[in-house]
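The values are calculated or read from the model by the stated rules, or taken from the named source; none is laboratory data. Predicted model only: the values in this text are computed from it and were never measured. Note that each Cβ is placed from the backbone with ideal geometry, even for glycine, and that neighbours are counted across all protein chains shown.
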Amino acid sequence: MTRSVIDHGPAAAPAGDGAASQTDEASAQGAAKAGRGGSAPRPAVTQLRVTAEDRRVAWLATAAVGLSLVDAAIPTPLPGVKPGLANIVTLVVLARYGWGTAVWVSALRVLAGSLLLGYFLAPGFFLSLTGTTLSLVTLGLARHLPGRWFGPVSLSILAAFAHIGGQLLLARAWLIPHDGVFLLTPVFAAAALVFGTINGLIAAKLLVEPAPTEAA
């Protein structure tokens, strides 16, 4: 009986293994090239330059927001009758850094205060925004008056009257469409006179002291 022996050579590698090994080698070379800083693209980075004026506005706005939070915590007999402590910061900023900086500080104070107190875009937000806007316009016009007769106390009283006047007008036009809302004018006017005088005296006292940057 004859037995034939067939010698089988080494098994041929599947066609897919060769392609996979070439792909792995190319990937390794690409990774090594990227690691050496070759052709790997770098994402664009935008840098914002913060100036001393930006830091000053942020610091002053923080102080104004803090006073707004204290203001909101003080109980009052009528809604809208508040001491307006943040106006102290506005008066100091107006006297030392100008009307433009005062606008920035007041706008940030209204926005951040409404977010922290939870009435952003609510009626209270628009009342505060209207009163602050009219108050700033009044201060912008009154700062050109003779300083001998119109100091921090006078400006504070004018700003307080403008603030409460703007709120009453918006309330009449939007929230309470009735002239009866103006019956509260004497009460709000008396509060504006008292708180405006107090805030003006505090602002005048602060203006006597040197600014923090000037004292350094």
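Only one of these is modelled with pLDDT of 95 or more and surrounded by 14 or more Cβ atoms within 10 Å (Cβ to Cβ): Ala192, Ala171. Name it. Please lay out each step first, then the result.
Details: Ala171 fails: modelled with pLDDT of 95 or more.
On inspection, the qualifying residue turns out to be Ala192.
Please go through segment 146-160 and pick out each residue that is part of a helix (DSSP H, G or I) and either among the β-branched types (Val, Ile, Thr) or without any contact (Cβ under 8 Å) to a residue 12 or more places away in the chain (or both).
Taking segment 146-160 first, the residues part of a helix (DSSP H, G or I) are 152-160.
The answer is Val153, Ile157.
Residues are listed down the side, and each one gets a yes or a no for (1) of a type outside the set (Asp, Glu); (2) under 17 Å from the mean Cα position of the chain (by Cα); (3) surrounded by fewer than 17 Cβ atoms within 10 Å (Cβ to Cβ); (4) farther than 16 Å from His163 by Cβ:
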residue: Val65; (1), (2), (3), (4): yes, yes, no, yes
residue: Leu85; (1), (2), (3), (4): yes, no, no, no
residue: Val92; (1), (2), (3), (4): yes, no, no, yes
residue: Ala102; (1), (2), (3), (4): yes, yes, no, no
residue: Val105; (1), (2), (3), (4): yes, yes, no, no
residue: Gly118; (1), (2), (3), (4): yes, yes, yes, yes
residue: Ser128; (1), (2), (3), (4): yes, yes, no, no
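One residue is enough: does segment 75-85 have a residue meeting the conditions in a helix (DSSP H, G or I), of a type outside the set (Val, Ile, Thr) and either in contact with a Pro (Cβ under 7 Å, 6 or more places away or on another chain) or without any contact (Cβ under 8 Å) to a residue 24 or more places away in the chain (or both)?
No: zero hits.
Any chance you could count how many residues in segment 93-113 are in contact with a Ser or Thr (Cβ under 7 Å, 6 or more places away or on another chain) and not charged (D, E, K, R)? Even if it seems obvious, please write down each step before you answer.
First, pick out the residues of segment 93-113 that are in contact with a Ser or Thr (Cβ under 7 Å, 6 or more places away or on another chain): 93, 102, 105-106, 109-110, 113.
If we keep only those that are not charged (D, E, K, R) as well, we get 93, 102, 105-106, 110, 113.
Total satisfying the criteria: 6.
Listed residues Ala44, Ala40; which is touching a helix residue (DSSP H, G or I) at 6+ places or on another chain (Cβ under 7 Å), at pLDDT below 90 and assigned to a loop (DSSP other than H, G, I, E, B)?
Working: Ala44 fails: touching a helix residue (DSSP H, G or I) at 6+ places or on another chain (Cβ under 7 Å).
Within the list Ala44, Ala40, the selection yields Ala40.
Within segment 177-189, count every residue that is loosely packed, with under 14 Cβ neighbours inside 10 Å and among the aliphatic types (A, V, I, L, M).
We begin by selecting, within segment 177-189, every residue loosely packed, with under 14 Cβ neighbours inside 10 Å; these are 177-180, 183, 185-186.
Checking which are among the aliphatic types (A, V, I, L, M) leaves us with 183.
Final tally of qualifying residues: 1.
Kindly list the number of the only condition in (1) surrounded by 17 or more Cβ atoms within 10 Å (Cβ to Cβ); (2) within 16 Å of Val65 (Cβ to Cβ) that fails for His163.
Failing condition for His163: (2).
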